[in-house]
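Worksheet for the structure shown next.
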Amino acid sequence: MAEKILPVIYSDRAISNSLIIKKFLLSKFTPKEVNAFYEMLNKFEQIVSVFPEIYPKSAIKSKARRAVLSKQLSVFYILYKEQISVVGIVDNRMGYDKWPS
């Protein structure tokens, strides 16, 4: 078990990413899919706060780690001594140029 539970902090960019994804889901699907999206993020937070190194380092940016939450969704975060900073949430169908740098 982990020694310490770290808080998960979302950057402005990550919040903006989540709002864009939410808007897309509401335009194409139902609120049920939006709820599933937020449930995935909640489960991600619970896991990563206890086991911050569980997800592999990103092949694109070595400081960041990439958590693939579903076929369509990845969360990028940076592990600091006292917190976990979510730096981006992306649709996996986007090109690498859209990923956090």
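Annotation: the chain has a Kirkwood hydrodynamic radius of 13.9 angstrom, from the mean reciprocal C-alpha pair distance. Of all lysines in the structure, the ones whose alpha carbon falls short of 18 Å from that of Lys22, not counting any fewer than 8 places away in one chain, are Lys32, Lys43, Lys71, Lys98.
Here the sum of -39500 (n - 2.57) over DSSP H runs of 4 or more residues, divided by the residues of the chain, equals -12500 deg cm²/dmol at 222 nm, to the nearest 500.
Computed from Cα positions, the angle between helix 12-28 and the longest principal axis of the chain comes to roughly 30 degrees.
Rule-based calculations on the coordinates, nothing more; no lab input. The shown structure was predicted, so the numbers you read here are calculated from the model rather than taken from an experiment.
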